[in-house]
Amino acid sequence: SGQAAPPAPAAPAAPAWPAPPQEAAAPASGPPRPSGAELDYSALVLSGPDEQDGRRGRLFPDSAFDPVAAEYRRRAEAVASLPLPGHAVRPRESAGSFDHRFDALARADVPSDGTWHTVTVGEIPVGLRTEYLCVPSVEQTVYATLALANSTDQALLAGPVEVTADDEFLLTAALPTLAPGGVCRVGLGPAEGIRVTRRTNLHESTSGLRNSTTVLDHRVHVELASRLAGPATVEVLERVPVASDTDVRIEERADWTTPPDDAEGEHHAAGTRVWRVDLPAGATTALDGGYEIRIPSAKALAGGNRRS
């Protein structure tokens, strides 16, 4: 009868050594590098207050993100990078923190062709008045200006304004932001229908005990001539010296006035004076004024006593 062979002796078990610890990955150096999905802000969704695991109040990619809709959105927002039309200014640049809501009168269809289109949002009546301005001591030219007054509760944003007279197009000018109740001026260029001339005369003398005071008598003569078919309001600007020395006295002899600075940003230099004249159609007028500068005889004006 056969006999089974005894089983082979088992090899001794190897000692159980602990596995070597794995080295932790070194943190990435430098600033964080967000992925492309994290940089696509239009596709990010703000997690609500009910989110858990640190997602509350943080932005994460939308799981229902539609790439087709995102492409349409990107193309629609690309219009903001187009060059603006002439004289157009973005509201944040022209008005700063000024905010106003405009309610459209009706719906409007805007072609999606990637260019600017003009859409009528509403109509705001403003007061218009043509005024003329000149500084004959600098340039003997009269300039036409358009004075606008916004007496409504609506705002006018900066942008182009087309000026017409008697149904005839004159020019396109830049209109600044005009808040409710505001006024401003828009320049229209030289007015050929009004001429201005200016002449000055200086007479130097002495006065006081032992002729201790030098008197510089400046006289200004301005003439305006209108060839316009209607009346015109003209502002003539002059400038009187301003003394910083207490020994120098300046005495004015004219019916001009000091123009006030307004809230719309129109500020005048020190010593500015203005004549405001209502000039009838085809009429001429003359303006006379002047001032005396009294200084000690031992002193002289900077640049010389004789000047226009």
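The values are calculated or read from the model by the stated rules, or taken from the named source; none is laboratory data. Fair warning: this is a prediction, and the values are worked out from it, not measured in the lab. When we count neighbours, we look across all protein chains shown, and the Cβ atoms used for this are built from the backbone with ideal geometry, even at glycine. To get the accessible areas, we keep the full protein, side chains included, count just its heavy atoms, and leave off ligands, DNA and RNA. Shrake-Rupley method; radii C 1.70, N 1.55, O 1.52, S 1.80 Å.
Mind checking which pairs have a first residue in segment 275-295 that is within 21 Å of Thr206 (Cα to Cα) and in contact (Cβ under 8 Å) with a residue 24 or more places away in the chain and a second that is basic (Lys, Arg) and open to solvent by 20 Å² or more (accessible area, probe 1.4 Å), Cβ under 6 Å, 6 or more apart or different chains?
Between residues of segment 275-295 that are within 21 Å of Thr206 (Cα to Cα) and in contact (Cβ under 8 Å) with a residue 24 or more places away in the chain and residues that are basic (Lys, Arg) and open to solvent by 20 Å² or more (accessible area, probe 1.4 Å), the close pairs are Gly290/Arg219; Gly290/Arg253; Arg294/Arg249.
Whether any residue in segment 182-204 is outside any helix (DSSP H, G or I), small (Gly, Ala, Ser) and farther than 25 Å from Asp278 by Cβ is what I want to check. Before you say what the answer is, go through the steps one by one.
Narrowing segment 182-204 to residues outside any helix (DSSP H, G or I): 182-204.
Now drop any that are not small (Gly, Ala, Ser), which leaves 182, 187, 189, 191, 193.
Going one step further and asking which of them are farther than 25 Å from Asp278 by Cβ, we end up with none.
Within segment 182-204 (the criterion being outside any helix (DSSP H, G or I), small (Gly, Ala, Ser) and farther than 25 Å from Asp278 by Cβ), the answer is no, since none of the residues qualifies.
For every residue, the table says whether it meets (1) farther than 24 Å from Arg185 by Cα; (2) not in a loop (DSSP other than H, G, I, E, B).
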residue	(1), (2)
Asp50	yes, no
Gly57	yes, no
Val68	yes, yes
Tyr72	yes, yes
Gly86	no, no
Val89	no, no
Ser97	no, no
Ala108	yes, no
Gly114	yes, no
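Tell me yes or no: at least one residue of segment 232-253 is touching a Cys at 6+ places or on another chain (Cβ under 6 Å) and either charged (D, E, K, R) or open to solvent by 30 Å² or more (accessible area, probe 1.4 Å) (or both).
No: segment 232-253 contains no residue that is touching a Cys at 6+ places or on another chain (Cβ under 6 Å) and either charged (D, E, K, R) or open to solvent by 30 Å² or more (accessible area, probe 1.4 Å) (or both).
Taking segment 167-208 as the search range and keeping residues that are open to solvent by 80 Å² or more (accessible area, probe 1.4 Å) and over 31 Å from the mean Cα position of the chain (by Cα), which one is farthest from Pro125 (Cα to Cα)?
Just the residues of segment 167-208 that are open to solvent by 80 Å² or more (accessible area, probe 1.4 Å), to begin with: 167-170, 192, 195, 199, 201, 203-204.
Subset that is over 31 Å from the mean Cα position of the chain (by Cα): 195, 199, 201, 203-204.
Values: Arg195: 33, Arg199: 43, Asn201: 48, His203: 53, Glu204: 55 Å.
Checked segment 167-208; the qualifying residue farthest from Pro125 (Cα to Cα) is Glu204.
Restricting segment 137-152 to residues that are more than 16 Å from Glu192 (Cβ to Cβ) and not hydroxyl-bearing (Ser, Thr, Tyr), which is most open to solvent (accessible area, probe 1.4 Å)?
Val138
Pull up segment 128-152, narrow it to residues that are over 19 Å from Asp278 (Cα atoms) and in a strand (DSSP E or B), then point me to the one that is nearest to the chain's Cα centre (by Cα).
Among those residues, the one meeting the criterion is Ala149.
For residues that are farther than 21 Å from Glu77 by Cβ and exposed (fewer than 13 other Cβ atoms within 10 Å of the Cβ), tally how many sit in segment 105-136.
10
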